[in-house]
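Reviewing the structure listed below.
The values are calculated or read from the model by the stated rules, or taken from the named source; none is laboratory data. Being a predicted model, the structure only gives us computed values, none of them experimental. Positions of Cβ are generated from backbone atoms using ideal geometry, with glycine treated the same way; all protein chains shown enter the neighbour counts. The accessibility values were calculated without ligands, DNA or RNA, using every heavy atom of the protein model including side chains. Shrake-Rupley method; radii C 1.70, N 1.55, O 1.52, S 1.80 Å.
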Amino acid sequence: MPKTTAISCSNIAFIKYWGNTDHELRLAANPSLSMNLADLTITATVQFDPEFSSDTLTINGKPVTGSAAERVFRQMDIIRHKANFTHRAKIATASNFPAGAGIASSAAAFSALAVAGAAAAGLSLSEAELSALARRGSGSACRSVPPGFVQWLAGGTDETSFAESIAPPEHWDLVDIVAVVSTEHKTVGSTGGHALADTGVLQAARLASAEERFIAAKNAVLARDLTALGMVIEEDAVMMHAVMMTSRPPLFYWQPATLAVIHAVRQWRADGIPAYFTIDAGPNVHLICERSHAETVASLVRTLPGVQKILRSGVGGGTKITNSE
Ligand code: DP6
């Protein structure tokens, strides 16, 4: 059977996925919208062989066991079920950004694993089917399969919950500048967080208004209107963190430096520099701006106390197979 390699971009959500209607299937409670990040990528190589006695995984060359590996092997189980065989797999992933950079890698990893795994198993799946398969590994991974600017309409079933492109990467030259304020491993990851979303009173209010923010953000992307996009992504990110902070038990991802970056970017805007923040399930702040302002924003971010380093990326394409032998 062919040994297949795929490369996938990470993505940053403009409208966040937070909470599921089905945790096992990772059916999102609300629609989300993101852009792929061209310069933060993961490659995954998968080979199935009847001779292998067990599934094995290496990440950046190091053998991995335990719950992280089990999660990857479960995605292989779904592929094996579709392909109707039981061969074990040899799996290797590698990222082009340092492990522990404070950047979530599950979206890029599980989209690359879905695309490489399906091809290695001889399955010929549509983009929508590959996106749905990626979703089973990590919800946000479904958005890294199609190119550019991507929507994930929550969908009510395994088959109908997938992501699709709303505009190609060339549509708008946006840049994400990530202010890394901590590289510590978080104690509660997103899977645990999704499970807590409904325990507080704010998630219901967030969900009731999510569609409206999703449409506003989508229209702003289509119209390349950064002011409109910026306002709604900041509101959406803060609302998700309000839900997190009021879950039972509460989740506090922000550090003092997180808030310092938020205040700084608001001041830069008042000074005429158009950049807007969004924050995932962690303390690091993503600043979204057009490429013409990226250099200015990057040099300003570097001067802020508490910012350890920055990562930056333009808009990326979809998951691609790079090798099959
Ligand atoms: C805050 O996709 O990481 O980044 O399905 O459990 O892997 P799992 O969750 P994940 O959740 C993403 C949460 C988020 C928002 C987003 O990317 O939409």
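Are any of the residues in the stretch 246-259 in a loop (DSSP other than H, G, I, E, B), closer than 19 Å to Ile12 by Cα and not small (Gly, Ala, Ser)? Taking every residue of the stretch 246-259 in turn, at least one turns out to be in a loop (DSSP other than H, G, I, E, B), closer than 19 Å to Ile12 by Cα and not small (Gly, Ala, Ser). Counting only strands (runs of 3 or more DSSP E) wholly contained in the stretch 1-101, the ones carrying 2 or more residues that are in contact with a strand residue (DSSP E or B) (Cβ under 9 Å, 6 or more places away or on another chain) and within 11 Å of the ligand (Cβ to nearest atom) occupy 4-15, 32-49.
So how many residues does the stretch 251-260 have that are touching a helix residue (DSSP H, G or I) at 6+ places or on another chain (Cβ under 8 Å) and either open to solvent by less than 20 Å² (accessible area, probe 1.4 Å) or in contact (Cβ under 8 Å) with a residue 12 or more places away in the chain (or both)? Number satisfying all stated conditions: 3. Determine whether the stretch 294-307 contains at least one residue that is under 22 Å from Ala107 (Cβ atoms) and part of a loop (DSSP other than H, G, I, E, B). No, the stretch 294-307 has no match at all. Of all residues in the stretch 299-325, those being over 17 Å from Ala38 (Cα atoms), in contact (Cβ under 8 Å) with a residue 60 or more places away in the chain and open to solvent by less than 60 Å² (accessible area, probe 1.4 Å) number 4. What are the residues in the stretch 41-80 that are of a type in the set (A, V, I, L, M) and out of contact with any Gly (no Cβ under 8 Å at 6 or more places or on another chain), if any? Answer for the stretch 41-80, where residues must be of a type in the set (A, V, I, L, M) and out of contact with any Gly (no Cβ under 8 Å at 6 or more places or on another chain): Ile42, Leu57, Ile59, Val64, Ala68, Ala69, Ile78. Going by what's in this entry, would Ala107 be described as within 18 Å of Gly19 (Cβ to Cβ), surrounded by 17 or more Cβ atoms within 10 Å (Cβ to Cβ) and either away from the ligand (no atom under 16 Å from the Cβ) or small (Gly, Ala, Ser) (or both)? It is true that Ala107 is within 18 Å of Gly19 (Cβ to Cβ), surrounded by 17 or more Cβ atoms within 10 Å (Cβ to Cβ) and either away from the ligand (no atom under 16 Å from the Cβ) or small (Gly, Ala, Ser) (or both).
Selection of the stretch 184-231 for residues being open to solvent by less than 30 Å² (accessible area, probe 1.4 Å), among the aliphatic types (A, V, I, L, M), away from the ligand (no atom under 14 Å from the Cβ) and out of contact with any Cys (no Cβ under 8 Å at 6 or more places or on another chain) yields Ala220, Val221, Leu229. If the condition is being crowded, with 20+ Cβ neighbours inside 10 Å and among the β-branched types (Val, Ile, Thr), then the stretch 232-241 contributes Val232, Ile233. Restricted to the stretch 51-73, and to residues there that are touching a Lys or Arg at 6+ places or on another chain (Cβ under 8 Å) and closer than 20 Å to Arg136 by Cα, the residue that is least open to solvent (accessible area, probe 1.4 Å) is Asp55. Cβ-Cβ distances below 8 Å connect the following pairs, each with a first residue in the stretch 155-176 that is open to solvent by less than 10 Å² (accessible area, probe 1.4 Å), a second residue that is hydroxyl-bearing (Ser, Thr, Tyr), and a separation of six or more residues or different chains: Ala163/Ser131; Val175/Ser313; Asp176/Ser313.
Being under 16 Å from Glu164 (Cα atoms), small (Gly, Ala, Ser) and surrounded by fewer than 19 Cβ atoms within 10 Å (Cβ to Cβ) holds for only one residue in Ala114, Ala128, and it is Ala128. Name the residues in the stretch 261-291 that are touching a residue at least 60 places away in the same chain (Cβ under 8 Å) and part of a helix (DSSP H, G or I), would you? Matches in the stretch 261-291: Val261, Arg291.
Out of the residues in the stretch 96-127 meeting the condition of being polar (S, T, N, Q) and modelled with pLDDT of 95 or more, tell me which one is farthest from the chain's Cα centre (by Cα). The residue in question is Ser124.
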